[in-house]
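Each reported figure results from applying straightforward, stated rules to the coordinates on display, with no laboratory input. Bear in mind that the values here come from a model prediction, so they are computed numbers and not experimental data. With ideal geometry, Cβ positions are generated from the backbone for all residues, glycine too; neighbour counts draw on all protein chains shown.
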Amino acid sequence: MQNYMEEIRQFTEGHATGLTFALVAGVSVLALRRWMAGGVCKSKVRLDGKTVLITGANTGIGKETAMDMASRGARVILACRDMTRAHIAADEIRQKSGNGNVVVKKLDLASLQSVRNLAKEVQKSEQHLDILINNAGIMMCPKWKTEDGFETQFGVNHLGHFLLTNLLLDLLKKSAPSRIVNVSSLAHEKGRIHFEDINLDKDYERAKSYRQSKLANVLFTRELAAQLQGTGVTAYSLHPGIIRTELGRHLFPTLAIWKRIFFMPFLMLIKSPWEGAQTTIYCAVDESLASSSGLYYSDCCPKEPAPQARDDAVAKKLWDLSVSMVGLA
């Protein structure tokens, strides 16, 4: 035992610098990981008797949000494109939450007809809708077009949700106080609405398109809140954080191998889906937000969005263009 302790002492003295560096690095990584995890929704509010609709709720932060809503006693509607995966997710949510009132409905945001079909079905089957969470999204995909001929990222991330929200507004107003939560991104800060080429037919870039669609989410929320003043329906947009989800499935495979290897360690630092869902949940249920509307949130706190996301004239112009594009006019 004495010899063993002496070996440890000699090793420690001989590798003091390396051990100190490793300790500091380890503490730094843990601190960085804790910082990256962000805020947590602390509200314990129950949602018994309430109905929540979440788009893209079969995976990632949408699924975690659905799990939380179900755990609070809500009737939860998973509006998803992949029905097989949606039913699997619904079964898991029912089992883990102990709430059997979790249903699945078909929604393909790349099809305006699918959006209309869902809205019609919800209007027919639901007596009220208390929370609408526009969560689904696509990121960094190639130059694709939706069923209606729109650039896919703008069509799915903005136009599909724009139409769905407008078609469900009467039900949301009937259910007031009710909330609309739009999942945006920090990417909006580098975005611009390209009114002269909204589908980016002349100059398509994956990142440019994604940023435009996420800026559109924030501007939509701002104008929506203005139009809903006095109705009891409030609207919020948010940045969920950088999260380990399937959202990057179109980007990661396109990176050079050395870039993938370089970024692998950073994947351990970014948010889990549960952590990424916290700001969405906060905007959906926290009592302190009841009198607020049109604001942007990050890590369960209000945050000022980029200057171009606070331009009321641009928000109104985008609204009018969107109305025309989805056929609401």
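Between the range 204-244 and the range 268-287, how many Å separate their Cα centres?
16 Å
For a test of the definition: using alpha carbon positions, the gyration tensor, and the 1.5 limit on a/c, classify the range 41-326 as rounded, prolate or oblate. Show your work: numbers first, answer last.
On the way: a/c = 1.39, a/b = 1.15, b/c = 1.20.
Because its axes are fairly even, with a/c under 1.5, the range 41-326 counts as rounded.
Where does the charge balance sit around residue 93 when Lys and Arg score +1, Asp and Glu -1, over other residues with C-beta under 15 Å from its C-beta?
Details: positive: 63, 72, 75, 85, 94, 96, 105; negative: 64, 68, 91, 92.
That works out to +3.
Report the local net charge at residue 182: Lys and Arg +1, Asp and Glu -1, summed over other residues whose C-beta lies under 14 Å from its C-beta. Write out the running numbers ahead of the final one.
On the way: positive: 179, 214, 222; negative: 223.
Counting the neighbours of residue 182, the net charge comes to +2.
Are there any GluC sites (Glu not before Pro) in the range 170-236 that are in a DSSP loop and have at most 14 other Cβ atoms within 10 Å? List them by number. All intermediate terms of the calculation are to be shown ahead of the outcome.
Numbers: sites: 189, 196, 205, 223; in loops: 205.
Within the range 170-236, the qualifying GluC sites (Glu not before Pro) (loop, at most 14 other Cβ atoms within 10 Å) are 205.
Need the C-alpha centroid separation for the range 65-113 versus the range 167-184, integer Å.
Measuring centre to centre over Cα atoms gives 18 Å.
Residue separation times 0.36 nm, minus the C-alpha to C-alpha distance between residue 189 and residue 320: what's the value? Mind showing how you got there, number by number?
On the way: separation 131, 0.36 × 131 = 47.16 nm, distance 2.21 nm.
Length difference between fully extended and current span is 44.9 nm.
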